[in-house]
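Just so it is clear, none of the values below were taken in a lab; they were calculated from the coordinates. None of the values given here were measured: they were computed from a predicted structure. Here the Cβ positions follow ideal geometry from the backbone for every residue, glycine too, while neighbour counts run over all protein chains shown.
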Amino acid sequence: MKQVIENYRIISTNHFVTTVCEGRRNSERFCFIIGAGASVSSGIPMGVTLEAEWMEEMEKSPGFSEVREFAETLRKAGRLEHDFSEIEQAWEAAKKSKQALPSEYYFDIYKLRFFPNHRNGYYYLERVMAHKNPSFGYHPLALMLTEGSGSNLVITTNFDSLVEDALFLYTDSKPLVINHELLADYAGDPNIKRPIIAKIHRGIFFDPLNQPEETNELKGGWHDVLAHVFQNYTPIVIGYGGGDNSLMNLLEEESVKMKNGMYWCYVEEFGLPSEKIQRLVQKKDGHFVRTAGFDSTMLMLGNALFPEKIGVHQTEQYLNNRTGIQIENYEAEYKKLLEYEESREKENASTQTNQSENEFRKEIEKMSERNSASESERQKQNQMTAWDYWRQGERYYKLQQYGEALQSLSKAICEQSNTAQFYNSRGNIYDKLGDYENAILDYDKAIELNPEYSIAYRNRGRIYKILDNYKKAMSDYDKAIELNPEYSAAFNSRGIIYDEWKDYDRAIANYNKALEFTPNYCAAFNNRGNVYDELGDYEKALSDYNKAIEINSEYSLAYNNRGLIYGKLGDYEKAVSDYNKAMELDPTFIIPYKNCGKLHKRNGDYEKAIDMFTKAIHLDPNNKNIYLERAEVYRLMGEEKKADADEKKAESL
């Protein structure tokens, strides 16, 4: 190809990468124009490769003589850009020189190859693109589109889904994919921060534009939108040969301004692009970038911008964590099904259910039975997976069999030591066992493996709170909320800290947030009720406790707390009733025994007070304060010896 561009406009990939990095630091926004050349290393043929295949096929059948006949008719009807004789001459020259056909013939050759049924061409392209995975270069590209620099736009003539596949694979961002010109306006919306993929020839499933009469000009609003885009973004062209007239005509327009020029990447092995493209780059005060291909260019950008994130080990960790999160999410949804079945089973004991509900329950039972049978078979064959052990551990945890749960989770970690969820679950078990040191170590490991694991931050914060390290607890709750701004449990936990610090306004604000995102969060109602109690607003406290009990009629703590309010309001019977209900629901819950004992003492019902304190002592024989409470009642009853004995016992503790 004849060189008409000045040498100084041809720069190395290294120089290009340095310029892009500096531009990003100065808030320059880049957009990518991606063509078929970027898909080659993913196994999708370039347009020039398809041109050659289709010409060979037409030469064999139906033969060029017949092709000339319908090509002439199509040309006269304005449905071909070039005479077929011109294409034939170029084909013969390409075969002799062993070079590719010019890309400008692509759309005509496509039209002729699949004449008269162009739907066959659509099916052909769909097969070519099926089951193709993004090559290495799409990883750094996905990161560039999501790393907050404002360079979030890809403009592509391709029909494939490689860019969006890479975004789903390597990032948490869901792209806005514009598959049709009716949505073109969104490509130029500066308020959209997530990645935008503008498919100016439409997506593969949206009747793609691949014929000469369809690609002569940009459809719909693309022209004006892209003209505006190029005033704000610096285009980086990769893998695009300029074979269509739609985008190329726009780029060539004098009115389309590019304040920082453009960068047109080409593969050095194949030489400079056409004179037409060289003059375009000149006119836009742009530069050519000599490269070794798409993957090479993106690797160099990745090494400069995201060296840690594109490393093999780091990517493996990220993908493992993503897979783990997806499995955990699926397990959570399955757990919801089981919980639904259990709740409906309880309701069925007292209410009549409809046929559809019963059918749904039966389907859940079928799935549960299959899963149990499958896991049992793997256990017999000694082929349990790490996730099998995790599920087993979760079941033991639910049954409060913490020793067995610990064994199962340790086996899961032994089988698969790089899964954050396993460490988080084992940390929960250590928490229940009171082994807070090991709980923190496991939460630390979960966070090391997945620094964005908000649940692990919240769980570690709970341990720090138990250990009275409120500063670290608050830091972890803050981080959990930063990572997941709709994390109700973290807002609830942070509200508890603010309550402990007597910062009641912030406590209530956090409980309100928790309830905003989870309206039936009974613990948040209970905790907000506690704050209203401390503020002396017993009416609001009572309302919140009522709501907590309405949501969960077996919530013993809410009954206890409501009993306290009734006691303060002088409603002795309701207070005792709530304390009794709390004890009935959880006979090992010591607080309602103590509170009920104090209420009986205050009301002069000393025998009942003694009974309550005695039961509390049975639950916690080493609780000094309960002995002192009982001693006080014995003195009120005139039983000095028993009072002395309790006080002596308290002193020994």
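Side notes on the structure shown:
- Calculated FRET value between T614 and K574, using beta carbons and R₀ = 22 Å, to 0.05: 0.40
- Approximating the spin labels as points 7 Å out from Cα along Cα→Cβ, the K335-to-K624 distance works out to 3.9 nm.
- In order along region 190-203, the Karplus-derived 3J(HN,Hα) couplings, from 6.51 cos²θ - 1.76 cosθ + 1.60 at θ = phi - 60°, round to x, 7, 7, 9, 6, x, 10, 10, 9, 9, 6, 9, 6, x Hz, and Gly and Pro are given as x.
- Per-selection metrics, region 353-442 (Cα): Rg and Dmax in Å: 15.9, 51
- Lys-Lys pairs in region 47-129 that are eight or more residues apart or on separate chains and whose Cα atoms lie under 24 Å of each other come to 7.
- Full extension of the segment from K283 to Q400, taken as 0.36 nm per residue of separation minus the current Cα-Cα distance, would add 34.7 nm.
- Computed 3J(HN,Hα) for region 119-136, one whole-Hz value per residue from the Karplus formula 6.51 cos²θ - 1.76 cosθ + 1.60 where θ = phi - 60°, is 5, 5, x, 4, 5, 4, 5, 4, 5, 4, 8, 5, 6, 9, 9, x, 6, 3, glycine and proline marked x.
- Under the Debye formula (equal points on every Cα, no solvent term), log10 I(q)/I(0) of region 514-653 at q = 0.12, 0.17 Å⁻¹: -0.52, -0.90
- Of the chymotrypsin sites (Phe, Trp or Tyr not before Pro) found in region 176-209, the ones in coil according to DSSP and having at most 16 other Cβ atoms within 10 Å of their Cβ are F205, F206.
- Simple point charges give the picture: +1 on the Cβ of Lys and Arg, -1 on the Cβ of Asp and Glu, and for region 47-129 a dipole about the Cα centre of about 160 debye.
- Close amide-amide hydrogen proximity is noted between T234 and R29, F30, C31, each under 5 Å apart and 5 or more residues distant or on a separate chain (H modeled in the peptide plane; Pro and chain starts excluded).
- Per-pair calculated FRET efficiency, R0 = 60 Å: K76 and E268 via Cβ, rounded to 0.05: 0.90
- As computed over region 18-156, the Cα convex hull volume per residue (Å³): 153
- Segment D224-K174, extension gain: residue separation times 0.36 nm, minus the distance between their alpha carbons: 15.4 nm
- If the segment from E584 to L636 were pulled out straight at 0.36 nm per residue, it would be longer than the present Cα-Cα gap by 15.9 nm.
- Only Lys, Arg (+1) and Asp, Glu (-1) charged, at Cβ; the chain dipole about Cα centre in debye: 960
- Lys/Arg +1, Asp/Glu -1 at C-beta; the chain dipole; positive extreme among G63, F230, F107: F230
- With q set to 0.26 Å⁻¹, the log10 of I(q)/I(0) for region 149-236, from the Debye formula over equal scatterers at the Cα positions, is -1.45.
- FRET efficiency, A509 to I466 (Cβ-Cβ, R0 22 Å, nearest 0.05): 0.40
- For region 47-129, averaging the sequence separation of C-alpha pairs within contact (under 8 Å, six or more residues apart) and dividing by the residue count gives a relative contact order of 38 percent.
- Pairwise centroid distance, computed over Cα atoms, of region 120-141 with region 215-232, Å: 25
- Sparse packing (at most 12 other Cβ atoms within 10 Å of the Cβ) combined with a DSSP loop state is found for the following GluC sites (Glu not before Pro) in region 537-625: E554.
- About the centre of its Cα atoms, region 440-526 shows a dipole size close to 160 debye [charges on the beta carbon of Lys, Arg (+1) and Asp, Glu (-1) only; nearest 20 debye].
- Here the average projected area of the convex hull drawn through the C-alpha atoms of region 455-593 stands at 8.1 nm².
- Percentage of interatomic Cα-Cα distances in region 100-195 larger than 15 Å: 69
- A simple packing score, the average count of other Cβ atoms within 10 Å per residue, orders the peptides 113-121, 217-225, 429-437 as 217-225, 429-437, 113-121, with the highest score first.
- Rg over Rh [alpha-carbon atoms, Kirkwood Rh] for region 47-129: 0.94
- Label-to-label distance, nm, for residues given as Q383 and E86 (7 Å Cα→Cβ offset): 6.4
- In region 1-72, the GluC sites (Glu not before Pro) that fall in loop regions by DSSP, at most 13 other Cβ within 10 Å: E6
- Remark: for residue pairs K568/K642; K598/K624; K336/K465; K174/K398; K362/K547, the C-alpha separation exceeds 24 Å in K568/K642; K336/K465; K174/K398; K362/K547.
- With the highest mean first, a sort of the peptides 631-638, 335-342 on other beta-carbon atoms found within 10 angstrom per residue produces 631-638, 335-342.
- Once the Cα gyration tensor of region 388-499 is diagonalised, semi-axes √(5λ) in Å: 24, 15, 12
- The C-alpha atoms of the chain occupy a region whose extents along the principal axes are 120, 55, 45 Å, arranged from largest to smallest.
- Inter-label distance for A645 and N14, nm, one decimal - labels placed 7 Å from Cα along Cα-to-Cβ: 9.1
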